[in-house]
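Q: First the structure, then my questions, so here it is.
All of the numbers you see were taken from the coordinates with simple rules; none came from a lab. Computed from a prediction, not measured in an experiment: that's the story for all the values here.
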Amino acid sequence: MNVEKILAIAGKPGLFELKIQTRSGFLAESLSDGKKITVGLRSNVSLLSEISMYTYSEEKPLVDIMRAIAIKENEGPTSVSHKEDNTKLMAYFQEILPDYDADRVYASDIKKVLNWYNILQAKGMVSKEEPNLINAEEVKEQVVEEIKLSKSSKTKK
């Protein structure tokens, strides 16, 4: 599963793929409709590879949770819609991640994860296989460095 360049942007529905860096931010393409948008440096953006969820023992990376869903669903769409009632969502998530911290993981978080999984699954981006962590770290460092360079060049002007 390659989600290193997949973004969640606050205030924008769905997921986006990071395309290129611009002077004022970067260009992202929507995974749902393919429209390209520019995202400023002040926008609240999260890389999916950096998101994790609380368990009673540790924080579990979102990539591992997505892989667990892919294993349960045989790389197909989830059997539970993200629009189901909270009890069904929590019961489903309990099957995926038995030790998730129910006090700190809200139903809205579970809805996002299931919705994101279905978006990625529709694009053929989910997998039962282990991610290549070295590659993920390299991409993360590259994206962070690009953002830092963009911010520093903007402040020099």
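Q: In degrees from 0 to 90, rounded to the nearest 10, what is the angle of the helix 133-156 Cα long axis to the longest principal axis of the chain?
A: Once rounded, one gets 40 degrees.
Q: Taking springs between alpha-carbon atoms closer than 10 angstrom, which of 12, 72, 88 fluctuates most in the Gaussian network model of the chain?
A: Largest GNM mean-square fluctuation: 12.
Q: Starting from the exponent 0.38 and prefactor 2.2 Å, build the expected Rg for the chain from its residue count and divide its actual Cα Rg by it.
A: The reported ratio for this selection is 1.09.
Q: Which ³J(HN,Hα) values in Hz, rounded to whole numbers, follow from the phi angles of the range 91-106 under the Karplus curve 6.51 cos²θ - 1.76 cosθ + 1.60, where θ = phi - 60° and Gly and Pro get x?
A: 3J(HN,Hα) across the range 91-106, in whole Hz: 5, 4, 5, 4, 5, 6, 10, x, 9, 5, 7, 5, 7, 10, 9, 8.
Q: How would you classify the range 1-48 from its alpha-carbon gyration tensor, with a ≥ b ≥ c the square roots of the eigenvalues: rounded for a/c under 1.5, else prolate if a/b is greater than b/c, otherwise oblate?
A: It is rounded, given that a/c, with a ≥ b ≥ c, falls under 1.5.
Q: Same structure again: Over the range 51-122, what lengths in whole Å, largest first, do the semi-axes of the equivalent ellipsoid take, defined as the square roots of 5 times the eigenvalues of the alpha-carbon gyration tensor?
A: They are 17, 14, 10 Å, listed largest first.
Q: Pick out which of 68, 91, 28 has the largest mean-square fluctuation in a Gaussian network model of the chain, springs linking Cα atoms closer than 10 Å.
A: In the Gaussian network model the winner is 91.
Q: Around residue 22, which amide H atoms from residues at least 5 apart in sequence, or from another chain, sit under 5 Å from its own amide H, with H modelled in the peptide plane?
A: Correct list: 27.
Q: Ok, one more. Step through the table entries 60/123; 19/60; 88/112; 12/36; 83/128, compare each Cα-Cα distance with 22 Å, and write down the pairs that go over it.
A: Over 22 Å Cα-Cα: 60/123; 19/60; 83/128.
Q: Here is a further query. Only helical DSSP H runs with n ≥ 4 go in: add -39500 (n - 2.57) per run for the chain, normalise by residue count and round the 222 nm mean residue ellipticity to 500 deg cm²/dmol.
A: -13000 deg cm²/dmol, from helical runs alone.
Q: Build a GNM of the chain with springs between Cα atoms under 10 Å: which of 92, 100, 56 gets the top mean-square fluctuation?
A: 56
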